[in-house]
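The values are calculated or read from the model by the stated rules, or taken from the named source; none is laboratory data. It should be emphasised that the depicted structure is a prediction, and the values quoted were computed from it without experimental measurement. Heads up, the Cβs are rebuilt from the backbone with ideal geometry, glycines too, and the neighbour counts pull from every protein chain shown.
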Amino acid sequence: MIDVDQVRADTPGVSHSTHLLACGSALMPKSVSDAVVAHTQLEAQIGGYEAQARQSDLLDGVYPSLARHIGADPREIAVMENATVAWCHAFYALPLKRGSRILTCEAEYAANYVAFLQRAKRDDLKIEIVPSDESGSFDLAALRETMAEDVGLIAITWVPTNGGLVNPAAEVGRIAKANGVPYLLDACQAAGQMRIDVEQIGCDFLSATGRKYLRGPRGTGFLYVQEKWLDTLEPAMIDHFGAPWVERDRYDLRDDARRFETWENSYALRAGLAAAIDYADHIGIEHIQNRVTMLAALARQALSEVSLVDVQDLGQRPCGIVSFSIEGCDPTSIVKQMAASGYAIGASTPSSTRIDSERRNLPTLLRIAPHYYNTEEEVRGAVQCLASLIE
């Protein structure tokens, strides 16, 4: 059970507006912003190198914290600037044979898909979109049917940026493992709103951000690399942190996932990410998931009762992202009007998930994404405000 009053007391942002955009960048707890500010102030007082040395134990604690949160080993964790960088490090490092197929989903995110396109052009690869089932979810039967020796990678987004969908990540993992195919999972929107267990999922790689449901600072993310890849996988780009220069003509890759990191990074943001992970684990991810799911269901039900509103979510068990369109209304204008009324919501353009958007003929969608610090009254108030703007 979450003590919502205490969580709100820990969250200064709730006093400024009703923030319903956790899928964009959630409100940080005070402990997270305090950690970032404290380390920044220490750098100002004694210098960046000196602050890192003094706080090294605290800063390095982010690895066991992240590992604990997703059921991994600290050796399998790399801290990155964001989820896209994390995802790209894994994707561009994979040695895919010419002519091999990349299997992905209809709701794949734009940043990932343009990377598919680049490698397809550069390395003579093929992109194959596995269709969705009747619920809109990634079709497991279709995935099984298309598996063959020329499949080089399965790469899907677990929770797309719009549509409320939760793809069957663990079931995909079992199919990938049975066929010996690498599996790259984008967990950007999943991390912090639902339980992640990489062993149970069976993914080889997983990327995520800190700024969304984990409530960390912007400019943070992480990459999980399954242990078996640490003997063979070489990053597409290296520096002398991930690959120490041991002789004039030789470097040695680090023996852990931090081979994907570079020497320079923001230690203040790293401190904030560690604080965010610890805060989420203190609350309990199952409690978080239950409350987020409940608040999102409340929003869907309330929106479905508003004339001109079409809820556009997919899947049998939708997540915390509620996507909808409003007939005859400009989404950008609605976002601005809601902000002026004290409600932060967002919008998602068709280009962010082009395959899904074209398949369903979707316009720019509005998004309401409550988090566990929101109240039922805030969700109802947001929908009432929205209704007053369009009716």
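Quick notes on this one:
- VAL246, sole failed condition from (1) farther than 30 Å from LEU27 by Cβ; (2) touching an Asp or Glu at 6+ places or on another chain (Cβ under 7 Å); (3) part of a loop (DSSP other than H, G, I, E, B): (3)
- Any chance SER304 is surrounded by fewer than 22 Cβ atoms within 10 Å (Cβ to Cβ) and not basic (Lys, Arg): yes
- Residues in the stretch 169-188 that are part of a loop (DSSP other than H, G, I, E, B) and touching a helix residue (DSSP H, G or I) at 6+ places or on another chain (Cβ under 6 Å): 1 in all.
- Members of the stretch 269-306 that are among the β-branched types (Val, Ile, Thr), over 19 Å from ALA9 (Cβ atoms) and either more than 18 Å from the chain's Cα centre (by Cα) or at pLDDT below 95 (or both): VAL306
- Number of the exception - GLY163 against (1) farther than 27 Å from THR349 by Cα; (2) part of a loop (DSSP other than H, G, I, E, B): (1)
- Filter result for ALA302 (hydrophobic (A, V, I, L, M, F, W, C), in the same structural domain as THR220 (by TED's automatic domain parsing) and in contact (Cβ under 8 Å) with a residue 24 or more places away in the chain): no
- Number of the condition not met by ILE277 [criteria: (1) among the β-branched types (Val, Ile, Thr); (2) assigned to a loop (DSSP other than H, G, I, E, B); (3) over 23 Å from GLY152 (Cβ atoms)]: (2)
- Cβ separations smaller than 7 Å between residues 6+ apart or across chains give no pair from the stretch 157-168 residues that are in the same structural domain as SER352 (by TED's automatic domain parsing) to residues that are surrounded by 24 or more Cβ atoms within 10 Å (Cβ to Cβ) and assigned to a loop (DSSP other than H, G, I, E, B).
- Among the conditions (1) within 25 Å of ALA297 (Cβ to Cβ); (2) touching a Cys at 6+ places or on another chain (Cβ under 9 Å), ASN112 misses just one, which is (1).
- Complete set of residues in the stretch 144-183 that are on the phi > 0 side of the Ramachandran plot and touching a Leu at 6+ places or on another chain (Cβ under 9 Å): GLY163, GLY164
- Of the strands (runs of 3 or more DSSP E) lying entirely inside the stretch 36-154, none contains at least 3 residues that are under 30 Å from TYR279 (Cβ atoms), in contact with a Pro (Cβ under 7 Å, 6 or more places away or on another chain) and free of Cβ contacts under 8 Å to residues at least 24 places away in the same chain.
- Top-ranked residue of the stretch 161-172 - restricted to ones that are at pLDDT 95 or above and in contact with an Asp or Glu (Cβ under 9 Å, 6 or more places away or on another chain), ranked as surrounded by the most Cβ atoms within 10 Å (Cβ to Cβ): LEU165
- Contact annotation: residue pairs with Cβ atoms under 7 Å, 6 or more positions apart or on different chains, pairing a residue in the stretch 322-339 that is modelled with pLDDT under 95 with a partner that is part of a helix (DSSP H, G or I), are CYS329/ILE390.
- Scanning the stretch 1-30 for residues that are hydrophobic (A, V, I, L, M, F, W, C), in contact (Cβ under 8 Å) with a residue 60 or more places away in the chain, part of a helix (DSSP H, G or I) and out of contact with any strand residue (DSSP E or B) (no Cβ under 9 Å at 6 or more places or on another chain) yields VAL4, VAL7, VAL14.
- Test for TYR109: is it modelled with pLDDT of 95 or more and within 19 Å of CYS188 (Cβ to Cβ): yes
- Candidates ALA35, ALA90, ALA67, ALA22, filtered to the one that is crowded, with 21+ Cβ neighbours inside 10 Å, assigned by TED's automatic domain parsing to the domain that holds ALA115 and within 18 Å of the chain's Cα centre (by Cα): ALA90
- Qualifying residue in the stretch 250-268 (condition: within 30 Å of ARG8 (Cβ to Cβ), in contact (Cβ under 8 Å) with a residue 60 or more places away in the chain, assigned to a helix (DSSP H, G or I) and in the same structural domain as GLY163 (by TED's automatic domain parsing)): yes
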